[in-house]
1. Under a crude label model (7 Å from the Cα following the beta-carbon direction), how far is Gln113 from Lys480 in nanometres?
2. Could you pull out every residue, at least 5 positions away or on a different chain, whose amide H is within less than 5 Å of the one on Arg142? Hs are placed 1.01 Å off N in the peptide plane, and Pro or chain starts have none.
3. Rounded to a whole number, what % of the accessible area of region 202-313 do carbon and sulfur atoms account for, probe 1.4 Å?
4. With a cut-off of at most 10 other beta carbons within 10 Å, and DSSP calling the residue loop, which GluC sites (Glu not before Pro) in region 245-327 qualify? Please list them.
5. Cα gyration tensor of region 43-99, axes a ≥ b ≥ c as square roots of the eigenvalues: rounded (a/c below 1.5), prolate (a/b > b/c) or oblate?
6. Per residue, how much accessible area does region 146-196 have with a 1.4 Å probe, in Å²?
7. For region 204-335, what is the relative contact order in percent, using Cα pairs closer than 8 Å and at least 6 residues apart in sequence?
8. Could you tell me the relative contact order of region 160-212? Use alpha-carbon pairs under 8 Å, at least six residues apart, and round to a whole percent.
Amino acid sequence: MRNIKLRHRRRGVLLSLRHNMFIQMMVVFVLLSGAAVAMLSYFLYRFIAQSVIDNELETQKAAIESVNSYLQRQQDEMRTFLNGIYRDHRLAQDMVYYLRHPFEEYIQQRLDQQSEGMLLPVPPRITDTLQNMLSDNPAIDRMMLYGSERQYLHIYSPSQSLRILHTNGALSYIPDVMSMEGPSFTLPNVWIRKATGIAETGLYSIRMAVNDPISITEIGQLLFYFRSDDVRNAIRSYREQLKGDILVLASDGGVMFDSSGRHYGRPYPYMDQLATLNGRGRLGEDAYFSTISDYNSGYLVAGVVSARELETAYQGAKRTIWIVSVAAMALVALLSSLFVLNYAKRTHQILRFMRKVEDGDLDARLPDGREDELGLISASFNRMMDELSRHIESEYKAEIKQKHAEMSALQARIQPHFLYNTLEVIRMRALSSGVADVADMIYSLAMLFKSFVNPSYETTLREEMDMCRLYLELFRIRYKDSFSYAIEYEPSLGRAKTIRMLLQPAVENYIVHGLRKDRKDNRLTIRAYAIGDDIEIVVEDNGVGIPPDRLDALQQSLRLPETEGQSFGLRSVHQRLELRYGADYGLRIRSGDSGTTITIKFPAL
């Protein structure tokens, strides 16, 4: 039994939580707020990550542009050097002779020129010019001048004296290599490396064709070998902020420069991806890259950074964002819970006071004086209870008065019955005596009196017109030929509902105040007609008009309470119509020297 009770209690708690609007609101609000914070954190993280990536790519792009400018300057310097040789006519002739003749003949010619130099200036030597270029430019590791006619390779190096190698086509592929057209920037050819004994891997070359300035035919090749590590000078200013690797690749994928030093001596394995992908791809792993290509010179400068390495740059920001997000979600959950629980507490207070009222405590009042929605509900509840108390008190008193009125009506019911019988006896006596007009007056009076004591509040327009006709008939008999009346209305309007005693005060006002007893043409006309959804009754006479000051006072008296002032009957009709149907309905009075017109307006119900 105890376990059953505990299960029922837990089920009741779960049901109450499930149907608690504020708990549901709190859960929904916390979930929505948490989702919003999570989405905001995610987009902020993505924004920061993308900003870091964009900044790194911008740095990478600036670095490879600097490397490209460095290589272009080297090429321009070498081209300027060769053009300088061409511009010096004697030096150009010396270079052509140097390439087309054996070295011993060239030396002998120079000795002859030197012996003749006592009379003429000695022309510059191409060997001295090349050696000076090598000494003045420390970035050049060595220089090679090849003559294609005699197939000799002249090697200039700072650490060695001039070496001359014969590269016979039957013994070497060097003549074939030199005769092939290719890009300016290349790696040292493998046959040249073997022939010259070059063991270093961190070298690249700039090759330029040497032409005979007279015949413009190619007579050889001039090769400049540069140390790859000197390219680092171009990216020195980016060293602190640059991530990843900077590479200079030959058109065949050979590595001319590698900032990491990992790819020297073998073709770069991802050359095809760099040429086909755009900005991001798999280069062994997911990576970002930027490239600049110079197809004429035959090299490609690339900056490559792995996505994993970039993640370390914004890993700290990622950790901070998630910590702040979790703290924000916890704070939002706490604040929303406190806010919702505060409203729940106030709402439960309102429900508790409502239950007190249900139990009969009509003096219960809510103490919430705040100006928000719940405060307005509390104030409305208090006003409703005050109004309910006043209404109960007034209804109770009205019920007591009604009981007294019913008792009085029961006591007075016998009196009209006695009066009807008495008037009927007098009327029958008048008829037996031949006084017919007196009998008609007594009949009209009896009918009027019977209508006056009718307890009903409403009547039809036809019944009201009939009662008015009985009343006017009394005065027509009284004044005989000096008074007449007319009542005109469509029969279809007779079914319209209206209040009782609507016309009698207006007619009585004419009989008492407007009838001219010295005239024979006194006349009263009552007309009723429909105007839209309303009915207007016009009571018009030709009697004594109302003076302007008296008319103004009468118009103002229509708005006075029923217990004050004169013209009680007209004021009662106006106020009853206004209270019954609204301010658009009531009674209007116009008057002049030739009579008075009273217009009564009410809806055609």
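The values are calculated or read from the model by the stated rules, or taken from the named source; none is laboratory data. What you are looking at is a predicted structure, and each value in this text was computed from that prediction instead of being measured. Glycine also receives a Cβ, built like all others from the backbone with ideal geometry; neighbour counts cover every protein chain displayed. When the accessible area is computed, the model is the full protein with side chains, heavy atoms only, and any ligands, DNA or RNA have been set aside. Shrake-Rupley method; radii C 1.70, N 1.55, O 1.52, S 1.80 Å.
1. 17.3
2. Tyr225
3. 44
4. Hits after loop and neighbour filter: Glu285.
5. Taking the square roots of the gyration eigenvalues as a ≥ b ≥ c, region 43-99 is prolate.
6. Working: 2800 Å² over 51 residues.
Spelled out: the 1.4 Å probe surface of region 146-196, per residue, equals 55 Å².
7. 17
8. Working: 32 pairs, mean separation 16.7, N = 53.
Relative CO of region 160-212 lands at 31 percent.
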